[in-house]
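The values are calculated or read from the model by the stated rules, or taken from the named source; none is laboratory data. On a predicted model such as this, the values are computed, not experimentally measured, just so you know. Counting neighbours? That spans all protein chains shown, and the Cβs are built from the backbone with ideal geometry, glycine included.
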Amino acid sequence: MSDGIHIVDVDLGERCYPIIIGPGVMKEPSNLLPYCSEDQVMIVTNETVAPLYLDQLKQTLQGVEVHVTLLPDGEEHKSLQTAETIFDHLLEVPCDRTTTLIALGGGVVGDIAGFVAGCYQRGIDFIQIPTTLLSQVDSSVGGKTGVNHSMGKNMIGLFHQPKCVIADTEVLSTLPARELSAGLAEVIKYGLISDSAFFSWLETHIEGVLNLESDLVAYAIERSCRTKGEVVAADEREGGQRALLNLGHTFGHAIEAAEGYGVHLHGEAVAMGTIMAADLSFRLGWLESEEVARIANLYQRAGLPVIPPQELTAEDYLRLMAVDKKVKKGIIRLILLKKIGEAEIVSDYTTAQLKATLDSFSKACRLSCHRLLARILLRAPSADIIFGLFAPRGMFAHFDDFRQKKQQSRHPAARR
Ligand code: NAD
Ligand code: GLY
């Protein structure tokens, strides 16, 4: 690292590529030009990002023939129809196999543009310039591209690795706060699945990251990309361990599908889904109650929801989870947590255990006044009170376990 610039290499042999992270990295021609093969590029961006950053990017690409396809904004446009408008434009220009496609935008733009790059004339080069935190730490890295189908999210797509990823931290200054928090859900995910030290680092620095303190943000992105890059290098096409990156996603996708896209952001759904995965991990005797509380607390501090929509029934969840790409022969494989920093792909839980988790989140539940009063009298830390107040009933399992341990630790005998 120098001048606040971090570089992470995704080690895929001859398809190895750098992720260049830091303030202003999009403005530096030497970060981009070596990857624009024949000096003709097609920038794919959307109507929100273009007014903010398109001119800046064109400035960086001086001397290159630049074409632009402008997409409407929104997940609902991540479709084959939208992909077709990009194909049309590529053919109209005309662009050939030496054209480089550049995705400038969040995960939606990156996923469609990557998909088009993978298909156009059987595959052309592309560069990812992710402009949301989520896309900088997750969707731009690893080569998963695709579009949605009316029957399922990301159901049509292919693996196509970019030539490089340019994660300019300055662009995050225009990102709505809610989108920033949604990106943090994926950042926290890396700590949870394989990096407990990073999870602890986030517990110390989450407010600084939310405030976009430059060094902290760049470090959080670097550490996230390093983990993702390692997982992708070991299992590019998700034959095994790459599925760990989907912690919280099977529950989260069910929430997104039930509510209709757009009610919760993807990262918000992942946060709620991870709480459900943590609940099941606790029921299996893996996570400690303190760990469940730490996870919920960090999500809340990151501005993320931790209570899934309670009107969904266990049957709703099971039906929606059954279309997940991780379902094999009718068995829903789940990513669960052995502890903070260690995840596992699990299919040998019992239906009763999964149903217990789903049931616990599907009933509207409020603490009765006397129960709340009792907790306050027990001097619960404020985060616990808030958590307890709004937590669905199932959460009391680990909440009560947590409280009991706290009380024991206050007892003089426990201190010896
Ligand atoms: P998004 O692309 O919809 O961007 C969120 C919003 O922020 C949009 O309105 C966008 O126009 C706007 N925006 C983008 N950059 C901005 C900036 N710098 N300033 C102001 N506004 C800005 O959403 P997202 O969270 O980036 O990505 C979600 C998508 O990514 C989903 O479709 C999801 O399926 C996909 N995804 C893919 C992968 C993968 O591995 N390919 C991984 C995770 C998520
Ligand atoms: N976002 C999960 C993956 O890239 O595999």
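Of all residues in region 32-58, which are over 18 Å from Leu71 (Cβ atoms) and not small (Gly, Ala, Ser)? Walk me through it before giving the result.
If we filter region 32-58 for residues that are over 18 Å from Leu71 (Cβ atoms), which is where we start, we get 32-40, 56.
If the condition is that a residue be over 18 Å from Leu71 (Cβ atoms) and not small (Gly, Ala, Ser), then Leu32, Leu33, Pro34, Tyr35, Cys36, Glu38, Asp39, Gln40, Gln56 are the ones that fit.
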Taking region 49-102 only, how many residues are more than 14 Å from Ile124 (Cβ to Cβ) and either touching a Pro at 6+ places or on another chain (Cβ under 6 Å) or among the β-branched types (Val, Ile, Thr) (or both)?
-> 7
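Is it fair to say Ser140 is farther than 26 Å from Ile188 by Cβ, within 13 Å of ligand 1 (Cβ to nearest atom), of a type in the set (S, T, N, Q) and touching a residue at least 24 places away in the same chain (Cβ under 8 Å)?
Details: farther than 26 Å from Ile188 by Cβ: no; within 13 Å of ligand 1 (Cβ to nearest atom): yes; of a type in the set (S, T, N, Q): yes; touching a residue at least 24 places away in the same chain (Cβ under 8 Å): yes.
It is false that Ser140 is farther than 26 Å from Ile188 by Cβ, within 13 Å of ligand 1 (Cβ to nearest atom), of a type in the set (S, T, N, Q) and touching a residue at least 24 places away in the same chain (Cβ under 8 Å).
If you check Asn148 against the conditions, is it within 14 Å of ligand 2 (Cβ to nearest atom) and over 16 Å from Glu222 (Cα atoms)? Step through it out loud before you land on a result.
Working: within 14 Å of ligand 2 (Cβ to nearest atom): no; over 16 Å from Glu222 (Cα atoms): yes.
Judged against the criteria, Asn148 is not a match.
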Give the residues of region 114-129 that are within 16 Å of ligand 1 (Cβ to nearest atom) and touching a strand residue (DSSP E or B) at 6+ places or on another chain (Cβ under 6 Å), sorted by residue number.
-> Gly114, Phe115, Ala117, Gly118, Phe126, Ile127, Gln128, Ile129
In the set Val217, Val263, Val231, the lone residue that is within 12 Å of ligand 1 (Cβ to nearest atom) and β-branched (Val, Ile, Thr) is Val231
In region 16-30, anything under 23 Å from Val108 (Cα atoms) and not small (Gly, Ala, Ser) is listed as Tyr17, Pro18, Ile19, Ile20, Ile21, Pro23, Val25, Met26, Lys27
Test Gly273 against the stated conditions and say whether it is in contact with a Phe, Trp or Tyr (Cβ under 6 Å, 6 or more places away or on another chain) and either surrounded by 17 or more Cβ atoms within 10 Å (Cβ to Cβ) or at pLDDT 95 or above (or both).
-> yes
Being out of contact with any Leu (no Cβ under 6 Å at 6 or more places or on another chain) and under 15 Å from Phe361 (Cα atoms) is the filter here, so list the residues in region 281-291 that pass it.
-> Phe282, Arg283
Among residues of region 1-42, those that are assigned to a strand (DSSP E or B) and touching a residue at least 12 places away in the same chain (Cβ under 8 Å), counted | 15
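Could you go through region 137-147 and let me know if any residue there is within 24 Å of Val231 (Cα to Cα) and more than 16 Å from the chain's Cα centre (by Cα).
Within region 137-147, the first condition is being within 24 Å of Val231 (Cα to Cα), and the residues that meet it are 137-147.
Right, trim to more than 16 Å from the chain's Cα centre (by Cα) and you get 147.
The answer is yes; a qualifying residue exists.
Which one is nearest to Gly107 (Cα to Cα), of the residues in region 31-59 that are in contact with a strand residue (DSSP E or B) (Cβ under 7 Å, 6 or more places away or on another chain) and surrounded by fewer than 16 Cβ atoms within 10 Å (Cβ to Cβ)? Before you say what the answer is, go through the steps one by one.
Here is the first cut: in region 31-59, the residues in contact with a strand residue (DSSP E or B) (Cβ under 7 Å, 6 or more places away or on another chain) are 31-32, 35-37, 39-47, 49-50, 53-54, 57-58.
Now restrict to residues that are surrounded by fewer than 16 Cβ atoms within 10 Å (Cβ to Cβ): 37, 39, 47, 58.
Numbers: Ser37: 24, Asp39: 25, Glu47: 14, Lys58: 21 Å.
Restricting to residues being in contact with a strand residue (DSSP E or B) (Cβ under 7 Å, 6 or more places away or on another chain) and surrounded by fewer than 16 Cβ atoms within 10 Å (Cβ to Cβ), the top hit is Glu47.
Look at region 93-136 and say how many of its residues are assigned to a strand (DSSP E or B) and free of Cβ contacts under 8 Å to residues at least 12 places away in the same chain. Before you say what the answer is, go through the steps one by one.
Here is the first cut: in region 93-136, the ones assigned to a strand (DSSP E or B) are 100-105, 126-130.
Imposing the further condition that a residue be free of Cβ contacts under 8 Å to residues at least 12 places away in the same chain reduces the set to none.
Qualifying residue count for the region: 0.
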Out of Val141, Val137, which single residue is modelled with pLDDT of 95 or more, closer than 23 Å to Ala254 by Cα, among the hydrophobic types (A, V, I, L, M, F, W, C) and within 16 Å of ligand 2 (Cβ to nearest atom)?
-> Val137
Considering only region 179-272, give the helices (runs of 4 or more DSSP H) lying wholly within it that have at least 1 residues that are of a type in the set (Ser, Thr, Tyr), touching a residue at least 60 places away in the same chain (Cβ under 8 Å) and touching an Asp or Glu at 6+ places or on another chain (Cβ under 6 Å).
-> 249-259
For residues in region 147-157 being more than 7 Å from ligand 1 (Cβ to nearest atom) and not hydroxyl-bearing (Ser, Thr, Tyr), which is surrounded by the fewest Cβ atoms within 10 Å (Cβ to Cβ)?
-> Met151
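Return the residue satisfying two criteria in turn: it lies in region 158-178 and is part of a helix (DSSP H, G or I) and among the aliphatic types (A, V, I, L, M), and of such residues it is surrounded by the most Cβ atoms within 10 Å (Cβ to Cβ).
This residue is Val171.
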With respect to Ser79, is the statement that it is under 27 Å from His6 (Cα atoms) and touching a strand residue (DSSP E or B) at 6+ places or on another chain (Cβ under 9 Å) true?
-> no
